[in-house]
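The values are calculated or read from the model by the stated rules, or taken from the named source; none is laboratory data. Predicted model, so just to flag it, every value in this text is computed and none were measured. When we count neighbours, we look across all protein chains shown, and the Cβ atoms used for this are built from the backbone with ideal geometry, even at glycine.
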Amino acid sequence: MAFDAGEPWLDELLVALHANRDRLGTLLGEHLPALRWRPEDAQATYLAWLDCSPLGYDDPAGVFEQRGRVALEPGPLYGTGGDGYVRLNFATTPAVLDQAVQRMRAAIPPAEES
């Protein structure tokens with residue numbers, strides 16, 4: 001059935017993922033401008049690879065989890081070169097994405113912003 005009738009579902013999913021990718025870019029620009037992200041790297045996926053190195057944390061995923069209650073995947077799990085990075089899954093509702101970025105922002109005291 002999925003092969004015969006799945007195309008409309010897939011089309012809707014791709015539209016939603018594209019909208020969330022754009023939304024994430026806007027949210028990061030407004031709330032976490034120190035983080036670097038290349039949205040074009042996420043065109044074929046629903047995972048954002050966020051460069052948190054400007055924040056200066058050894059474990060940014062740990063900081064966001066402990067201070068902001070946002071679970072992100074630590075970059076080093078994906079190999080060398082992952083230090084300072086986190087992976088964020090944006091395949092969720094816009095409300096959850098908004099809340100995640102707001103919690104991430106709240107996890108960074110103003111004195112620690114770069």
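Of the residues contained in segment 74-81, none is found to be modelled with pLDDT of 95 or more, closer than 26 Å to residue 16 by Cβ and touching a helix residue (DSSP H, G or I) at 6+ places or on another chain (Cβ under 7 Å).
Scanning segment 73-90 for residues that are assigned to a loop (DSSP other than H, G, I, E, B), in contact (Cβ under 8 Å) with a residue 24 or more places away in the chain and either among the basic types (Lys, Arg) or loosely packed, with under 15 Cβ neighbours inside 10 Å (or both) yields a single hit, 83.
Looking at segment 1-29, which of its residues are charged (D, E, K, R) and either under 13 Å from the mean Cα position of the chain (by Cα) or within 19 Å of residue 87 (Cα to Cα) (or both)?
Of all residues in segment 1-29, those charged (D, E, K, R) come to 4, 7, 11-12, 21-23.
The answer is 21, 22, 23.
Within segment 27-46, being more than 17 Å from residue 91 (Cβ to Cβ) and either assigned to a helix (DSSP H, G or I) or at pLDDT 90 or above (or both) holds for 29, 30, 31, 32, 33, 34, 35, 36, 40. Can you spot a residue in segment 49-64 that is in contact (Cβ under 8 Å) with a residue 24 or more places away in the chain, of a type outside the set (D, E, K, R), touching a helix residue (DSSP H, G or I) at 6+ places or on another chain (Cβ under 6 Å) and more than 18 Å from residue 103 (Cα to Cα)? The answer is no; no qualifying residue exists.
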